[in-house]
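S.K.: Have a look at this one.
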Amino acid sequence: MDIHVTSDAFGPGEPIPASHSGEGEDISPPLRWDDVPADARQLALIVDDPDAPGAEPWVHWVIYNIAPEVRELPSGVSTSPRPAEPTNTAQGRNSWGASGYGGPMPPPGSGPHRYHFRLYAATTAPTLEPGLTKDQLLEAFADRVLAVGELVGTYERR
């Protein structure tokens with residue numbers, strides 16, 4: 001089963017608006033989803049850039065402990081390790097070593113980069129502490145992922 005992920009800010013394969021980039025307001029875009037499995041215990045979102053220089057994709061956002069009933073993240077989610085909305089969520093560390101969303105900011109002249117917004121539905125209890133890296137979160141979800149949805153946007157540095 002696949003989760004269907006959408007955004008009012010950009011469509012599949014479309015450019016992410018500058019307001020959601022490091023060149024703009026650097027606020028997270030609004031996201032919505034449906035088709036979450038009934039037996040999911042939590043949702044998690046990982047945003048990364050596989051086109052970034054380096055051996056691993058650059059991680060822009062790790063947020064988890066999202067209740068399976070939640071169907072959207074608003075624009076501008078706080079970068080706090082435990083944001084007030086959505087309730088009871090936790091945020092991990094991005095590739096800058098910070099908590100919360102960090103928008104696209106590819107190196108100048110590197111062309112358009114792809115940003116993968118992947119939403120995971122898992123049977124893992126929503127009790128994970130803030131500060132996990134992408135790899136630590138995926139390890140906690142090992143053999144517990146029920147479904148994944150993805151929205152890919154692009155961004156090219158002005």
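S.K.: Can you give the log10 of the normalised intensity I(q)/I(0) at q = 0.21 Å⁻¹, computed with Debye over equal Cα scatterers of the range 4-155?
M.R.: -1.44
S.K.: Okay, next question. Could you give the dipole magnitude of the chain about its Cα centre, charging the beta-carbon of Lys and Arg +1 and that of Asp and Glu -1, in debye to the nearest 20?
M.R.: 240
S.K.: Another question, then. Let me see the P(r) profile for the range 1-77: every Cα-Cα distance counted, bins of 5 Å, each bin given as a percent of all pairs.
M.R.: 3, 12, 21, 26, 19, 13, 5, 1
S.K.: Show the residues, 5+ positions off or on another chain, whose built amide H is closer than 5 Å to the amide H of SER80.
M.R.: So SER80 has HN proximity to no qualifying residue.
S.K.: A follow-up question, please. Pick from ALA90, ALA121, ALA98 the residue whose mean-square fluctuation is largest in a GNM of the chain, springs joining Cα atoms under 10 Å.
M.R.: ALA98
S.K.: Using a Förster distance of 30 Å, how high is the FRET efficiency between SER110 and GLU14, based on the Cβ-Cβ distance and rounded to 0.05?
M.R.: Computed FRET efficiency for SER110 and GLU14 comes out at 0.95.
S.K.: If you take the beta carbon distance between ASP2 and ARG158 as r and set R0 to 30 Å, what does 1/(1 + (r/R0)^6) give as a FRET efficiency, to the nearest 0.05?
M.R.: Working from the Cβ atoms, E equals 0.35.
S.K.: Students often check this: by mean Cβ neighbours within 10 Å, which of 134-141, 101-108 ranks highest, and how do the rest follow?
M.R.: 101-108, 134-141
S.K.: For the range 15-87 and the range 111-158, compute the distance between their C-alpha centroids and round to whole Å.
M.R.: Centre-to-centre distance over Cα atoms comes out at 8 Å.
S.K.: Another one. Pick out which of ASP34, ASP143, ASP51 has the largest mean-square fluctuation in a Gaussian network model of the chain, springs linking Cα atoms closer than 10 Å.
M.R.: Maximum fluctuation in the GNM of the chain, among the listed residues, is at ASP143.
S.K.: Continuing with the same structure: Select from SER110, SER75, SER95 the residue whose mean-square fluctuation is largest in a Gaussian network model of the chain (Cα-Cα springs shorter than 10 Å).
M.R.: Of SER110, SER75, SER95, the most mobile in the Gaussian network model is SER110.
S.K.: Rounded to the nearest 0.05, what FRET efficiency is calculated for VAL148 and ALA38 with R0 set to 22 Å and r the Cβ-Cβ distance?
M.R.: 0.85
S.K.: Around ALA147, which amide H atoms from residues at least 5 apart in sequence, or from another chain, sit under 5 Å from its own amide H, with H modelled in the peptide plane?
M.R.: ALA121
S.K.: Okay, helix-only estimate at 222 nm for the chain: each DSSP H run of n ≥ 4 adds -39500 (n - 2.57), divide by all residues, round to 500 deg cm²/dmol; what do you get?
M.R.: Mean residue ellipticity at 222 nm (helix-derived): -1000 deg cm²/dmol.
Since every read-out is calculated from the coordinates, none of them should be taken as a lab result. All of these numbers come straight from a predicted model, not from anything done at the bench. FYI the Cβ positions are ideal-geometry reconstructions off the backbone, even for glycines, and counts take in every protein chain you see.
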